Amino acid sequence: MAITTTPAAATGAEERIAEDRGRIDELDRRIIALVRERVEVSARIQRARIEAGGRRVSLSREMEILTRYRERLGRPGTSLAMTLLELCRGRA
């Protein structure tokens, strides 16, 4: 038995897809803004650590972040956290 789609159903699906894509675009905009904010906060922390005579990067802190992302998002969370950490480390 062949499944046919009515023009109304196709239009409804197209509208839902367009609506959901708009929502994804808005979420992406917010995520990018949050990542930029995270980069700025991380830079302030790094400057303060260096001014206090410490290292720019805290490996134990990075391990905490990697664990948090992995626990909440699974294995892909680790990759996401690594990317965020790389963005936030700044220039050596």
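One table, with the values for the structure above:
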| quantity | calculated |
| --- | --- |
| Residues (over 17 Å from Arg89 (Cβ atoms) and surrounded by 11 or more Cβ atoms within 10 Å (Cβ to Cβ)) located in region 43-73 | Thr67, Arg68, Arg70, Leu73 |
| Residues that are in contact with a helix residue (DSSP H, G or I) (Cβ under 6 Å, 6 or more places away or on another chain), more than 12 Å from Met82 (Cα to Cα) and either part of a helix (DSSP H, G or I) or acidic (Asp, Glu) (or both), drawn from region 42-68 | Ser42 |
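Any read-out appearing in this document is the output of simple, stated calculations on the displayed coordinates, not a laboratory observation. Everything quoted here is computed from the prediction, not taken from an experiment. With ideal geometry, Cβ positions are generated from the backbone for all residues, glycine too; neighbour counts draw on all protein chains shown.
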